[in-house]
Amino acid sequence: MATTAAAAEGAPKIVWNEKETRFETEDKEAYIEYVLRNDGKVMDLVHTYVPSSKRGLGMASHLCLAALTHAKSNSISIIPSCSYVSDTFLPRNPSWKSVVYSEEPKSNI
C-alpha cells in the first residue's frame, strides 16, 4: 500500500490499496473502487462508499482527489462510472475534466 494523498491539516489520510483496486481511508471504512481498462491506461471509477459515521465530512471528495491525483500523475485517464464522481465531484471540480477518458480523437485545431 502506498499513500497517495498527504494528510493535510484536517484532511484524512487516503491510502492506495493496489491489491484491492481501491483508494481507502486508513481504517478501510471509506473507499473508492476502480477497474483498470485498456491495458491499465484507463481507470474506471466504479463505486464510492462512505459509512454513515463519516458522511458529511467531505470524505468522498477526498477519495476522488486521491484517485484522480494518482491517475493524473501516472498519465491514466478515468471513466466516472460512479454516480458520485460523475454527478457530484466533476461538476463541482471542472478542472479535473481533463483527466476524463474520451474515445474521440483530440482535434489539433
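The values are calculated or read from the model by the stated rules, or taken from the named source; none is laboratory data. A quick note: this is a predicted structure, and the numbers were derived from the prediction, not measured. We place every Cβ from the backbone using ideal geometry, glycine too, and count neighbours over all the protein chains shown. The area values use the complete protein model at the heavy-atom level, side chains included, leaving out ligands, DNA and RNA. Shrake-Rupley method; radii C 1.70, N 1.55, O 1.52, S 1.80 Å.
Entry note, the chain: the mean residue ellipticity at 222 nm calculated from DSSP H runs of n ≥ 4, each adding -39500 (n - 2.57), is -4500 deg cm²/dmol after division by the residues and rounding to the nearest 500. Taking all protein chains together and rolling a 1.4 Å probe, residue 29 ends up with roughly 80 Å² accessible.
Using a simple spin-label model with pseudo-atoms 7 Å out from Cα toward Cβ, residue 102 and residue 37 lie 1.6 nm apart. Of the solvent-accessible surface of the range 14-96, computed with a 1.4 Å probe over protein heavy atoms with every protein chain present, carbon and sulfur atoms account for 47 percent. The residues of the chain expose, per residue, 62 Å² of accessible area to a 1.4 Å probe. When 72, 13 are compared by accessible area at a 1.4 angstrom probe, the order from most to least is 72, 13. Matching the structure-derived Kirkwood radius over Cα pairs in Å against the labelled list (i) 16.2; (ii) 13.4; (iii) 14.2 gives the label (iii).
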